[in-house]
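Asks: I'd like to ask some things about the structure below.
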Amino acid sequence: MYIFLALISMWIVFDLFRGYKKATNKKTYLTKNLSILFGIIIVFFLFGPFFLISPVKIGYSSLESDGFTLFYPTFHKTRVQEIFEMAKEAEEDNKDFYGNIKNTKILVGLSDIDMLRFGSHPKANGSGTIFGVVIRESKATPNIIAHEMSHKNLAEISSVQTSAKFPRWFDEGLASYIGKMDYYKTEQDLKDDLDKGTYRKDITEWKGIGGMFQWLSLTFIKSNPRLIYGQTYLMVKHLFDEYGQEKVYNLVVKSSESSFDKAFLEVFGITTDNFHKEFIEYIENYPLLDPDIVN
């Protein structure tokens, strides 16, 4: 959503400049158009995608903890305390990996319209950016909140939007790992996906803005989130299992200083493509039976 806003903003500035050059009365042109632009910005802060960082939050109240602030609709308190406790649990899960993190703003949305106006996909359960986290009230769980918090923390630690810095498989897989989302897929499920040809072997190529669009296409347009979230969760879990949490964290830190692929090679001594090939081989050879049963 914020990438779309950035592109639209660039177009508005360009169009404003083009119109200014053609205007006969430049002062009137600027006054009129800048007033409209200022009004749109105010609306974005009061009711739109910049609500999380707005100093005024009309119709919303807040609860605070040591590590986060939860904003909720003042006249809809159905699950407020429950979500507040969930957020505490999610914060601890994130601290286990990221260490000390800055205060997180969490915003509760009630509907598709709320999710859209606050900067999320209208059908999403939540979203996380450097501004904070948006959670759909009816779908809130500790897992989902922790997942979205990870997006925010990863963006913060790298000082950029994660869609531009980290490939989608790692950003989403890490968020699912921290959110303990082991309910999407098992290794055996992934082995079945490989056999059926539904496993995405090109996923390590989904980088930057183009990778983000590929991700959105598969998860929202084609509506098959379980396939891709399960795959990326298990890919990142394999990283943790094979190399340990400390090295995965080092990858995050080093990626803030250089490219992800370069940092990956430096930390793990293997390219992302070769890692993925090894992971696929691991899944292909995954035992059909539980090792305990075999023994």
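Bear in mind these aren't lab numbers, they're just calculated from the coordinates by the rules spelled out. All values derive from a computational prediction rather than experimental measurement. Glycine also receives a Cβ, built like all others from the backbone with ideal geometry; neighbour counts cover every protein chain displayed.
Asks: Highest first, please rank the peptides 21-30, 165-174 by the mean number of other Cβ atoms sitting within 10 Å of their residues. Show your work: numbers first, answer last.
Replies: Details: 21-30: 10.6, 165-174: 25.6.
Put in order of decreasing packing, that is 165-174, 21-30.
Asks: With contacts defined as alpha carbon pairs under 8 Å and 6 or more residues apart, what's the relative contact order of the range 237-283 in percent?
Replies: Values: 23 pairs, mean separation 12.4, N = 47.
With pairs under 8 Å counted, the relative contact order is 26 percent.
Asks: Continuing with this model, one more query. Tell me, what ³J(HN,Hα) does each residue in the range 134-140 have, in order and in whole Hz, if you take phi through Karplus 6.51 cos²θ - 1.76 cosθ + 1.60 with θ = phi - 60° and put x for Gly and Pro?
Replies: Values, residue by residue: 10, 10, 6, 4, 5, 10, 5 Hz.
Asks: Less than 11 Å Cβ to Cβ from Trp206, Lys/Arg counted +1 and Asp/Glu -1: what total charge do the surrounding residues give? Intermediate values should be presented prior to the final figure.
Replies: On the way: positive: Arg168, Arg200, Lys207; negative: Asp171, Glu172, Asp202, Glu205.
So the surrounding residues net to -1.
Asks: I've got another one for you. Net charge within 14 Å of Met86 by Cβ-Cβ distance, Lys/Arg positive one each and Asp/Glu negative one each, not counting Met86 itself?
Replies: Numbers: positive: Arg79, Lys88, Arg136, Lys139, Lys180; negative: Glu82, Glu85, Glu89, Glu91, Glu92, Asp93, Glu137, Glu148.
Within the 14 Å Cβ shell, the charges total -3.
Asks: Please give every one of the aspartates and glutamates within straight-line cross-link reach of Lys262, meaning a C-alpha to C-alpha distance under 13 Å, and leave out same-chain neighbours fewer than 8 residues apart.
Replies: Asp273
Asks: So, one more: For Lys21, list the lysines whose Cα falls under 23 Å from its own Cα; do not include residues on the same chain fewer than 8 positions away.
Replies: Within reach: Lys32.
Asks: Once you sort the root eigenvalues of the Cα gyration tensor of the range 168-209 as a ≥ b ≥ c, which label holds: rounded (a/c under 1.5), prolate (a/b larger than b/c) or oblate (the other case)?
Replies: Working: a/c = 3.78, a/b = 1.13, b/c = 3.35.
Since a/c reaches 1.5 but b/c is at least a/b, the shape of the range 168-209 is classed as oblate.
Asks: Sticking with this one: Around Leu107, with a cut-off of 12 angstrom between Cβ atoms, what is the net charge of the other residues, counting Lys and Arg +1 and Asp and Glu -1?
Replies: Around Leu107, the surrounding residues sum to +2.
Asks: Too long at a 19 Å Cα-Cα cut-off: which of Lys57/Lys105; Lys88/Lys180; Lys95/Lys237; Lys123/Lys191? Please list the in-between numbers first.
Replies: Values: Lys57/Lys105 12 Å; Lys88/Lys180 15 Å; Lys95/Lys237 17 Å; Lys123/Lys191 29 Å.
Checking Cα-Cα distances, Lys123/Lys191 exceed 19 Å.
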